[in-house]
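Below: one structure, written as structure tokens.
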Amino acid sequence: MKIDPKLTKIAVCGLGYVGFPIALLFARAGFVVIGVDLNEQKIRLINRGSNPIEGKEPGLKELIRQVQSKGNLEATSSTAAYQDADFIIVAVETPVDEKTNEPGFEALKSALFSIGQNIKKGVLISIESTIAPGTMKKIVQPILEQQSGLVEGKDFDLVHCPERLMPGHLLENINNYNRVLGGSSKATAIAKSLYQKIVKGQIDQTDWLTAEIVKAGENAYRDVQIAFANEMALFCEALGANVWEVRRLINNCRRRGETRPEALRQMHFPGAGVGGHCIPKDPWLLTFGAKGLIEPQIVPLARRINKFMPRHMFDLLGQALREIDQPIAKSKIVVLGYAYAGNSDDCRNSPTEDLLKYLAPTGAEIIIHDPYVKEYKKPLQTVLKSVHALILMADHDQYKKLKIKNIKKIMRVKKPIIIDGRNVFDKQKAIKEGFIYRGVGNI
Ligand code: SAJ
């Protein structure tokens, strides 16, 4: 289908780390783009050409400048923006409840109500949010039809094109990653012509349900892979082996008869926990989709193992303190890394938040450091002074550059402790310098 950007209006619902870059890229491609968000502050920032997204995003500032000069992107809180849109892209959050691990889809439903009440015949709507299998059929289509009085497939088209973005690589991901596009053949053909204006990756057409399962499933798969690495770390601790050497040797073996490098096994990294906006949530979206139909085993178990790792860090600390009869209540402990991953400022679902819940009631003096998080940016030299133990939670480059000898000097305690959640420090060097060292999978 031929789409002339100059004559086509796109509305983007939700201007977060998914919607805002998408809006920019379609605007740069020449479309008239109107972004809709509830957050007035974000709207003001975008309309004056500022960047509402925290953290380093290569190319984003330049893209904002290009679009600002073209003047074809506007942000608003008014849902009337949907009225004459030819395409509407929905990129709102789909969190799961901390206690029930179930999604409420409040933001999605509210967006769909507003969109349904304002759409015109002939519009195509693409849901980019990650959703539980069955959501397109059970929630998205019914709300849009009820609110608009239109019939999906006849009066408007509806597709599911799940986002595949990683903070810190947003534009690169949108431009280059392959996409899954679920919907009827007519709808996906139209949507594909639209997405090809900004996506160089392959666009795989399928149905709604398959697209829903693919996105939630690919992240559940990653969570299971990480959980396997974490359980291997627990095996190695119990048996007195070094999981990092075990991992190296496992990954140095190809499947029988294989010669391709990608055939090497890919045991993931054990660590202090699994955070972020996707991996801790998407497995629960997958299981929610099959609720009452099957009793999943591996996916919930992987979540439990990964969720346990911050507790395990706390247990390793307890073991080390007991070894030197240092009461935790009288200890000064520094936590290195508040962000959920190395060299990121993103703190969503950070494993450190779980660790702090275990540390808080002990009475210990807790100091948090993170070079990427405003409130925890203090200089390391001051933070490490007269500290009994350091717990490494995120492998920021700054920590990898630390010299064990210097750390010992600054900590100025007889038997300092290192609890290494990301295999950043060299265990032998640490022990030689007089540290008590406990690494995940290498104690
Ligand atoms: N982690 C481990 N061990 C590993 C890998 C990660 O403990 O071997 C931890 C990290 O420290 C972090 C968490 O898991 O706390 C998540 O890390 P991640 O690298 O998966 O980062 P995310 O959350 O940004 O993952 C996203 C996902 N992309 C989407 O949902 C679209 C994921 O599917 C991608 O595989 C990942 O980006 C990527 O590598 O691109």
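One residue is enough: does the range 370-379 have a residue meeting the conditions crowded, with 23+ Cβ neighbours inside 10 Å and within 11 Å of the ligand (Cβ to nearest atom)?
For the range 370-379, residues crowded, with 23+ Cβ neighbours inside 10 Å and within 11 Å of the ligand (Cβ to nearest atom): absent.
Tally time: how many residues in the range 227-255 are in contact with a Gly (Cβ under 9 Å, 6 or more places away or on another chain) and farther than 19 Å from Gly273 by Cα?
Total meeting the criteria: 2.
Residues checked against (1) touching a His at 6+ places or on another chain (Cβ under 6 Å); (2) in the same structural domain as Gly16 (by TED's automatic domain parsing):
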position	(1), (2)
Leu171	no, yes
Lys192	no, yes
Ala211	yes, no
Trp244	no, no
Asn252	no, no
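Just checking, which of Leu45, Leu38, Leu24 is of a type outside the set (D, E, K, R), modelled with pLDDT of 95 or more and part of a loop (DSSP other than H, G, I, E, B)?
Going through Leu45, Leu38, Leu24 in turn, the sole match is Leu38.
Confirm whether Thr287 is in a helix (DSSP H, G or I), more than 11 Å from the ligand (Cβ to nearest atom) and among the polar types (S, T, N, Q).
Considered against the rule, which asks whether it is in a helix (DSSP H, G or I), more than 11 Å from the ligand (Cβ to nearest atom) and among the polar types (S, T, N, Q), Thr287 comes out as yes.
For the range 180-229, how many residues meet the condition of being part of a loop (DSSP other than H, G, I, E, B) and within 16 Å of the ligand (Cβ to nearest atom)?
Result for the range 180-229: 3.
Report yes if Ala430 is surrounded by 19 or more Cβ atoms within 10 Å (Cβ to Cβ), of a type in the set (A, V, I, L, M) and part of a helix (DSSP H, G or I), otherwise no.
yes
How many residues does the range 352-364 contain that are surrounded by 13 or more Cβ atoms within 10 Å (Cβ to Cβ) and either outside any helix (DSSP H, G or I) or not hydroxyl-bearing (Ser, Thr, Tyr) (or both)?
Looking only at that region, the number is 6.
Among the residues in the range 340-351, are any polar (S, T, N, Q) and in a helix (DSSP H, G or I)?
Within the range 340-351, none of the residues are polar (S, T, N, Q) and in a helix (DSSP H, G or I).
Just give me the residues in the range 52-69 being at pLDDT below 95 and in contact with a Lys or Arg (Cβ under 7 Å, 6 or more places away or on another chain), in sequence order.
Across the range 52-69, the qualifying residue is only Pro52.
Looking at the range 280-309 only, could you name the residues that are open to solvent by less than 20 Å² (accessible area, probe 1.4 Å), within 21 Å of Arg422 (Cβ to Cβ) and of a type in the set (A, V, I, L, M)?
Ala302, Met309
Please list, ordered by residue number, the strands (runs of 3 or more DSSP E) wholly in the range 49-140 having 1 or more residues that are among the charged types (D, E, K, R) and either touching a residue at least 60 places away in the same chain (Cβ under 8 Å) or open to solvent by 30 Å² or more (accessible area, probe 1.4 Å) (or both).
73-76
Kindly indicate the residue of the range 239-272 that is assigned to a loop (DSSP other than H, G, I, E, B) and open to solvent by 90 Å² or more (accessible area, probe 1.4 Å) and also nearest to the ligand (Cβ to nearest atom) among those meeting that condition.
The selected residue is Phe269.
I'm checking my understanding of the structure. Among residues of the range 310-351 that are open to solvent by 40 Å² or more (accessible area, probe 1.4 Å) and hydrophobic (A, V, I, L, M, F, W, C), which one is farthest from Gly217 (Cα to Cα)?
Ile324
Any idea which of (1) in contact (Cβ under 8 Å) with a residue 12 or more places away in the chain; (2) in a loop (DSSP other than H, G, I, E, B) is the one Lys154 doesn't satisfy?
Failed condition: (1).
Test Asp395 against the criterion of being touching a helix residue (DSSP H, G or I) at 6+ places or on another chain (Cβ under 6 Å) and at pLDDT 95 or above, and give yes or no.
So Asp395 does not fit the description; no.
Failed condition for Ser193, given (1) within 22 Å of the chain's Cα centre (by Cα); (2) touching a residue at least 12 places away in the same chain (Cβ under 8 Å), with all others met?
In the conditions (1) within 22 Å of the chain's Cα centre (by Cα); (2) touching a residue at least 12 places away in the same chain (Cβ under 8 Å), Ser193 misses (1) alone.
Among the numbered criteria (1) part of a helix (DSSP H, G or I); (2) under 19 Å from Gln319 (Cα atoms); (3) β-branched (Val, Ile, Thr), which one does Ile418 miss?
Unmet condition: (1).
The values are calculated or read from the model by the stated rules, or taken from the named source; none is laboratory data. The model shown is predicted, which means the values in this text are computed figures rather than measured ones. Virtual Cβ from ideal backbone geometry, glycine too; neighbours counted across all protein chains shown. Note: accessible area is taken over every heavy atom of the protein model, side chains too, but ligands, DNA and RNA are not part of it. Shrake-Rupley method; radii C 1.70, N 1.55, O 1.52, S 1.80 Å.
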